[in-house]
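Participant: This structure is in structure tokens; I'll ask about it shortly.
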Amino acid sequence: MYQSNITIGIKTFLRPSSLKYCLRRLRQYFKNIIIYVADDSTDEIKIINKELVKKYNAIYFDLPFDSGIGIGRNTMIKNCKTKYYLTLDDDSLIDNKFNLKALYDLMEETNLDMIACQRGVSKKTSKHYYHYFTKIIKR
């Protein structure tokens, strides 16, 4: 099953409501996938986020306050044990049109190391939501 070959990493900072929505949607569509959450929020927010991570059966990485997106993503990538890694922000919008299987198949059929996808362009706000599907290179 393709989901056992993918880890999804979510970097969060001070947005428990966004994290909750993201985790809920991921679990709605990907019940068995490994999910990491790296959190550099305040201690008060971390308490809320830890409960969310537990509720949605994810793995939590507690980072120093405001350590940044790079530290969070690197922490999750270093701990990844699956063949592929997908990084999301806590405000990424996941719906039934997000075809993770197609991305997986593309990675398996090519020698690409990374795929960057634009998803969910909102005409109202001109916001772009990006999803990066990255092949982990084992050395």
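The values are calculated or read from the model by the stated rules, or taken from the named source; none is laboratory data. Remember, predicted model here, so these are calculated numbers, not experimental data. Positions of Cβ are backbone-derived with ideal geometry, glycine not excepted, and every protein chain shown enters the neighbour counts. These accessible areas exclude ligands, DNA and RNA; they are computed on the full protein's heavy atoms, side chains included. Shrake-Rupley method; radii C 1.70, N 1.55, O 1.52, S 1.80 Å.
Participant: Within the range 27-61, whose backbone N sits under 20 Å from a point 7 Å along Cα→Cβ of SER67?
Facilitator: Answer for this model: 35-54, 58-61.
Participant: So how do 52-64, 96-108 stack up, highest first, on mean other-Cβ count within 10 Å?
Facilitator: Ranked by mean Cβ neighbours within 10 Å, highest first: 52-64, 96-108.
Participant: How many times 2.2 N^0.38 Å is the alpha carbon radius of gyration of the range 11-51? Don't jump to the answer; show the numbers that get you there.
Facilitator: Values: Rg = 10.5 Å, N = 41, 2.2 N^0.38 = 9.0 Å.
With N residues counted in the range 11-51, Rg over 2.2 N^0.38 Å equals 1.16.
Participant: Tell me, what ³J(HN,Hα) does each residue in the range 100-105 have, in order and in whole Hz, if you take phi through Karplus 6.51 cos²θ - 1.76 cosθ + 1.60 with θ = phi - 60° and put x for Gly and Pro?
Facilitator: Computed from phi, the couplings for the range 100-105 are 5, 4, 5, 5, 4, 4 Hz.
Participant: Just the accessible area for SER4, please: 1.4 Å probe, Å², rounded to the nearest 10?
Facilitator: Answer for SER4: close to 80 Å² accessible.
Participant: I've got another one for you. How big is D for the range 1-126, in µm² s⁻¹ as a whole number, if Stokes-Einstein is applied with the Kirkwood radius of its Cα pairs at 4 °C and 1.567 mPa s?
Facilitator: The Stokes-Einstein estimate is 86 µm²/s.
Participant: Let me ask something else about it. Step through the residues of the range 18-33 one at a time and calculate ³J(HN,Hα) from phi using the Karplus curve (6.51 cos²θ - 1.76 cosθ + 1.60, θ = phi - 60°), rounding each to whole Hz and writing x for Gly and Pro.
Facilitator: Values per residue, Gly and Pro as x: 5, 4, 4, 4, 4, 5, 4, 5, 4, 5, 5, 9, 9, 5, 10, 6 Hz.
Participant: Given LYS55/LYS83; LYS20/LYS55; LYS50/LYS81; LYS11/LYS54; LYS11/LYS101, which pairs have Cα atoms separated by over 19 Å?
Facilitator: LYS55/LYS83; LYS50/LYS81; LYS11/LYS101
Participant: Read phi for every residue in the range 106-115 and hand back ³J(HN,Hα) as whole Hz from Karplus 6.51 cos²θ - 1.76 cosθ + 1.60, θ = phi - 60°, with x for Gly and Pro.
Facilitator: Result, rounded to whole Hz: 4, 5, 5, 8, 10, 10, 5, 9, 8, 10.
Participant: What residues have an amide H closer than 5 Å to that of ILE59, excluding those fewer than 5 places away on the same chain, when H is modeled at 1.01 Å from N in the peptide plane?
Facilitator: Result for ILE59 returns ILE35, TYR36, VAL37.
Participant: Give the long-range amide H neighbours of LEU86: residues separated by 5 or more places, or on another chain, with amide H under 5 Å away, using H modelled in the peptide plane at 1.01 Å from N.
Facilitator: Amide H to amide H, under 5 Å and 5 or more residues apart or across chains, LEU86 pairs with THR7, ILE8, GLY9, THR134.
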